[in-house]
1. Scan the stretch 21-33 residue by residue and report those that are farther than 15 Å from T232 by Cα and either at pLDDT below 95 or part of a helix (DSSP H, G or I) (or both).
2. Could you check how many residues of the stretch 97-118 are in contact (Cβ under 8 Å) with a residue 24 or more places away in the chain, out of contact with any Ser or Thr (no Cβ under 7 Å at 6 or more places or on another chain), farther than 10 Å from L57 by Cα and of a type in the set (A, V, I, L, M, F, W, C)?
3. Could you list, in sequence order, all residues of the stretch 164-191 that are without any contact (Cβ under 8 Å) to a residue 60 or more places away in the chain, in a helix (DSSP H, G or I) and touching a helix residue (DSSP H, G or I) at 6+ places or on another chain (Cβ under 6 Å)?
4. If you scan the stretch 208-240, which residues turn out to be surrounded by 17 or more Cβ atoms within 10 Å (Cβ to Cβ), aliphatic (A, V, I, L, M) and part of a strand (DSSP E or B)?
5. For the stretch 144-163, how many residues are in contact (Cβ under 8 Å) with a residue 60 or more places away in the chain and surrounded by fewer than 17 Cβ atoms within 10 Å (Cβ to Cβ)?
6. Just the residues that are surrounded by 18 or more Cβ atoms within 10 Å (Cβ to Cβ) and in a helix (DSSP H, G or I), please, taken from the stretch 34-50.
7. Which members of the stretch 97-125 meet the condition of being of a type in the set (D, E, K, R) and either crowded, with 16+ Cβ neighbours inside 10 Å or in a helix (DSSP H, G or I) (or both)?
8. For the condition farther than 20 Å from V154 by Cβ and in contact (Cβ under 8 Å) with a residue 40 or more places away in the chain, what is the one hit in A224, A243?
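The values are calculated or read from the model by the stated rules, or taken from the named source; none is laboratory data. Since the model is a prediction, treat every value here as computed from it, not as a measurement. Glycine also receives a Cβ, built like all others from the backbone with ideal geometry; neighbour counts cover every protein chain displayed.
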Amino acid sequence: MSQPTVTEPAEHATVVRKPALSPSRASDFKQCPLLYRFRAVDKLPETPTKAQVRGTLVHAVLERLFALPAADRLPDRAKELLDPTWAELSAERPEWTELFAADDPGDESRWLESAGKLVETYFGLEDPGQLEPAACELHVETELGSGVRLRGYVDRLDVAPTGDMRVVDYKTGAAPREIGEAKAMFQMKFYAVVLWRLRGVVPRQLKLLYLTDGQSLTYAPDEAELRRFERTLEAIWQAILRAGKTGDFRPSPSKLCNWCDHQARCPEFGGTPPEYPGWPEPDPGEESPFDRSD
């Protein structure tokens, strides 16, 4: 007689996620392999800026806005969500409150007002009361035929009755526009590849909403382009794996170095990286809240 199968209780099970590539980590490696190493392998801490935290807050407010009935998705209602959303976020990450000047009680208030202006700008780009997203802050993950696992978070996915998909991303960061748009479009094509492989349909439109200046950018990918981009992602991942075996993640200096937290550890600035800890397991592809709200 065969022995019964014993299943480990879910609360004691250990889930090991395969190493994966996210749009932010792929972009890091393209920008500077050493930056990728510092973030994905060494997992060195970085001090967030008030702009990054504000982006996280605005994304959270817009996500909560779409959880309301369509008739309630109004500018005043969205602004009412700012304070309670910030209270929850700062309770989870109390270190974020240390970004504000202790000797200036108006610093945090002015910062919240600036977040409110971004939310207000959003309403000049869309009428959320006329939209019913299929999902907000959607986690997407797939494995390509080559074995490369892709993982990321989509700000918003709209699906029409015809099945056409629109991928929407909110941009609140202050990166130089020519660099920021190239990085943003790389991110959007990444999501398009994942959704295409998951659902078998090429997204009809990729839409970027820039909340700082009230501009939008739309793009319509096609299948041939996504196949080429898929090969690009596979090449990036193979390059990462080669570097991972040896620890040879070389710096690639550019004007983006001015915004890097790791100059003191970078050979280009006279620094020395920490000893290479080896290729991480199980998951060097995870993104931070700031990656998802740039």
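1. Of all residues in the stretch 21-33, those farther than 15 Å from T232 by Cα come to 32-33.
Passing the criteria: only P33.
2. 3
3. Once the filter is applied, which keeps residues that are without any contact (Cβ under 8 Å) to a residue 60 or more places away in the chain, in a helix (DSSP H, G or I) and touching a helix residue (DSSP H, G or I) at 6+ places or on another chain (Cβ under 6 Å), the stretch 164-191 yields only K189.
4. L208, L209
5. Initial filter on the stretch 144-163 (in contact (Cβ under 8 Å) with a residue 60 or more places away in the chain): 144, 146, 148-153, 155-156.
Next cut, surrounded by fewer than 17 Cβ atoms within 10 Å (Cβ to Cβ) only: 146.
Looking only at that region, the number is 1.
6. L34, L35, Y36, R37, F38, R39, A40, V41
7. E98, D107, E108, R110, E113, K117, E120
8. Residue meeting the stated conditions: A243.
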